[in-house]
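Encoded as structure tokens, the structure appears first; notes follow it.
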Amino acid sequence: MDAHFLGIPELTEAPSVAVVVDVMRAFTVAAWVFAQGAEKIVLAESLDDALALKAAHPDWMALKDGPPAPGFDMVNSPGMLRSADLRGRTVVQKTTAGTVGALAVREASLVLCAGFVVAEATARLLRTRASDSVTFVVTGEDGQADEDLACAQYIARRATEAATDPAEFLHRAAESRAATELASGRRQGAHPDDVALCLELDRFPFAMTASQEDSLMVVRPHAVPPLTGDAPV
């Protein structure tokens, strides 16, 4: 597998297969949203679009970065979401980096949204697709966020080498600027457990696929059964 690691500004054309990585916190949150029972996540282009989608669908819930705000039901924090009852709900998500990255590659034939919490399932799905070339979109800090790059590199390695040790990659993420800012309380709308929750390797057994449904970019959980013998393709 030929892996490419690009920041959002470096995306000049739609890749065939894209893995969009946002560890802290968009796609860790997305995984928790599904774990709490949500049916789907709709990615919004802007905060105004998120509110408009919710207004058009009063039973949907809206989620954003930062502190609570009028019209939004939740913030982008796994620690705050883990007790929410989202059974059967649709959640509209708008974040600074993760949702932007996924929308930027909406024309790809396969779009996966990922963080450490779904790393193994994501790697397994890549193995089953046996893609020649995969573009990993490192969403944070214009492609420089080490927690996202570390996760992307781990998934890429895990897709081809079954015995990959995650320790180095998790350590880099734990020492990243985003982790430091979250742990120190410098980011609003955060919970003290957010960093630890973002670094829970393979917490969930599903991958997350994003695709266009009508005019919307929709994320859904994707069950990925273990491969026999766990051998890479």
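Values quoted throughout were computed directly from the atomic coordinates according to the rules given, and no laboratory measurement underlies them. Everything numeric in this text was worked out from a predicted model, so none of it was measured. Don't worry about glycine lacking a Cβ; one is built from the backbone with ideal geometry, like all the others, and counts go over all protein chains shown.
Numerical summary
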| quantity | calculated |
| --- | --- |
| Normalised alpha carbon radius of gyration of segment 44-123 [divisor 2.2 N^0.38 Å] | 1.16 |
| Amide proton proximity set for VAL19, modelled H, under 5 Å, gap of 5+ | LEU112, THR135, PHE136, VAL137 |
| Pairwise centroid distance, computed over Cα atoms, of segment 105-167 with segment 74-95, Å | 23 |
| Length released on extending from SER46 to LEU216, taking residue separation times 0.36 nm less the Cα-Cα span | 59.9 nm |
| Quotient of Cα Rg and 2.2 N^0.38 Å for segment 2-220, N being how many residues it contains | 0.93 |
| Exposure rule at most 11 other beta-carbon atoms within 10 Å, DSSP loop trypsin sites (Lys or Arg not before Pro): the chain longest free segment | 88-185 |
| Nearby aspartates and glutamates by direct alpha-carbon distance to LYS54 (threshold 15 angstrom, same-chain neighbours under 8 apart not counted) | GLU45, ASP73 |
| GLN188-GLU10 pseudo-label distance in nm [points 7 Å out on the Cα-to-Cβ vector] | 3.2 |
| Pairwise label distance in nanometres, THR209 with ARG177, each label 7 Å out on the Cα-Cβ vector | 3.5 |
| Stokes-Einstein translational diffusion, segment 141-187 - Kirkwood Rh over all Cα pairs, 1.306 mPa s, 10 °C, in µm²/s | 141 |
| Segment 99-148: GluC sites (Glu not before Pro) in DSSP coil with no more than 13 other Cβ atoms inside 10 Å | GLU107 |
